[in-house]
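Q: Please see the structure below; I have some questions.
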Amino acid sequence: MYPFTYGPKAALLKFGFPEHIAVSKAAWPIIKVGSARVSTIGIALWGMYIGGHLEAMDILIAAMGWMALIDGLVCYQEGAPGSATFRVSSTCAVALWGLLGMTSGKHF
């Protein structure tokens, strides 16, 4: 929801993209649409938790590893290696939680 509350330029900068991308109005709809995926994942996780579907939560959380790799690759290619490192490491740590089944207690 960051692009809607603070604007697309601020959202792109916060994501880690360089200034020349953040000021490009062509990128603004993309960050707005892209922010919906994070909201959708959050809503889905909330619904799964309320429904007691903890194993399903682990699957969705583990799948975020793919998102980590793509986010990191794109940030790195666009000249934001620091953001790429942060995005890959932090999201992979979360994905590992799901991969190990730690929400459901299946493995730990």
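Q: What is the residue count in segment 53-80 for residues that are within 18 Å of residue 99 (Cα to Cα) and in a loop (DSSP other than H, G, I, E, B)?
A: Going through segment 53-80 one residue at a time, the tally reaches 1.
Q: Going through segment 94-108 one residue at a time, which ones are buried (at least 19 other Cβ atoms within 10 Å of the Cβ) and hydroxyl-bearing (Ser, Thr, Tyr)?
A: The answer is 103, and nothing else.
Q: Scan segment 13-71 residue by residue and report those that are of a type in the set (Lys, Arg) and under 16 Å from residue 104 (Cβ atoms).
A: Keep residues of segment 13-71 that are of a type in the set (Lys, Arg), which gives 14, 25, 32, 37.
Within segment 13-71, none qualify.
Q: Follow-up. Mind checking which pairs have a first residue in segment 19-38 that is within 16 Å of residue 79 (Cα to Cα) and touching a residue at least 24 places away in the same chain (Cβ under 8 Å) and a second that is of a type in the set (Gly, Ala, Ser) and surrounded by 13 or more Cβ atoms within 10 Å (Cβ to Cβ), Cβ under 6 Å, 6 or more apart or different chains?
A: Partner pairs satisfying both residue conditions: 21/27.
Q: Hey, another quick one. Do the conditions hold for residue 56, that is, is it over 11 Å from the mean Cα position of the chain (by Cα) and without any contact (Cβ under 8 Å) to a residue 24 or more places away in the chain?
A: yes
Q: Just checking, how many residues over segment 21-43 are surrounded by fewer than 17 Cβ atoms within 10 Å (Cβ to Cβ) and either of a type in the set (S, T, N, Q) or under 13 Å from residue 98 (Cβ atoms) (or both)?
A: Count: 4.
Q: Continuing with the same structure: Given the structure, is residue 95 in contact (Cβ under 8 Å) with a residue 12 or more places away in the chain and either part of a helix (DSSP H, G or I) or hydrophobic (A, V, I, L, M, F, W, C) (or both)?
A: When the stated conditions are applied, residue 95 passes them.
Q: With the requirement that a residue be within 14 Å of the chain's Cα centre (by Cα), more than 30 Å from residue 20 (Cβ to Cβ) and surrounded by 15 or more Cβ atoms within 10 Å (Cβ to Cβ), what does segment 59-93 give you?
A: Once the filter is applied, which keeps residues that are within 14 Å of the chain's Cα centre (by Cα), more than 30 Å from residue 20 (Cβ to Cβ) and surrounded by 15 or more Cβ atoms within 10 Å (Cβ to Cβ), segment 59-93 yields 60, 61, 62.
Every number in this text was worked out from the coordinates using simple rules, so none of it is lab data. These numbers were taken from a predicted model, which means no experiment stands behind them. Ideal geometry is used to build each Cβ from the backbone, glycine not excepted, and the neighbour counts take in all protein chains shown.
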